[in-house]
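Structure first, commentary second.
The values are calculated or read from the model by the stated rules, or taken from the named source; none is laboratory data. Everything quoted here is computed from the prediction, not taken from an experiment. Glycine also receives a Cβ, built like all others from the backbone with ideal geometry; neighbour counts cover every protein chain displayed. For accessibility, only protein heavy atoms count, side chains too; no ligands or nucleic acids. Shrake-Rupley method; radii C 1.70, N 1.55, O 1.52, S 1.80 Å.
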Amino acid sequence: MELAYYSDYAVRLVNSEEPVRGKDSLTSVEAVRDLFGDNASAARRATDADVTRFRSVRARLRSVFEAADGGDETLAVNQLNSLLLEFPVSPQISGHDHRDEDGRPLWHMHLADHPSNATAGYAAIAAMGLAFHLTEYGVDRLGLCQALPCRNAYLDTSTNRSRRYCSDRCATRANVAAYRARKRLEADRSVSSGRAAENAQRSSASSER
């Protein structure tokens, strides 16, 4: 399992809530289990008590993205370090379910968690995955969607650090909104110019009389 996969845990959890829209999909133990994706064994550990615990971790992870998006690298790192200390993992070399053409294991790094509950396990993996992404690509690669009112979290892996939106849908919506705003501005300027010309003509006509 690639380490980049683990950072998606953080994004999935943060984006289970849309604060600006007042939406929150993390309302049941089933929703908690869905966040684990293919990790069915870990998902089965979740109980009703994890709903509240997951929301608490989600708020702390969002604060990391908010600090990074606001340009405060030190705050983002400090907040992430706090999560790493509270929810530790054990890196291990693994070869399970991955074989080459000769049937030999394809060794890779795996994060083994030793949680007391489902929240601790998920938080450990999410925090470590985010830490790997941050140190590999930079704090400015953690972003929040610029297409209001979205503000979903995303991880920028573009070659020129140009990503500003969480999805193509939001990028299209933002571009359309910007285009319409430009057209309105142009129309307003045209109307203003027309009125100015009319006023100038009237003033000139009055002077000639």
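Summary of values
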| read-out | value |
| --- | --- |
| His110, His133, reordered so the largest accessible area comes first (probe 1.4 Å) | His110, His133 |
| Distance-filtered residues of segment 128-163 - backbone nitrogen under 18 Å, label point 7 angstrom along Asn78 Cα→Cβ | 139-140 |
| Accessible carbon and sulfur surface of segment 1-144 relative to its total accessible area, %, 1.4 Å | 50 percent |
| Segment 1-59, relative contact order in percent, only Cα pairs under 8 angstrom and at least six apart counted | 29 percent |
| Neighbour cut-off at most 13 other Cβ (10 Å), DSSP loop, GluC sites (Glu not before Pro), segment 1-84 | Glu2 |
| Accessible area in square angstrom per residue, segment 29-84, 1.4 angstrom probe | 51 Å² |
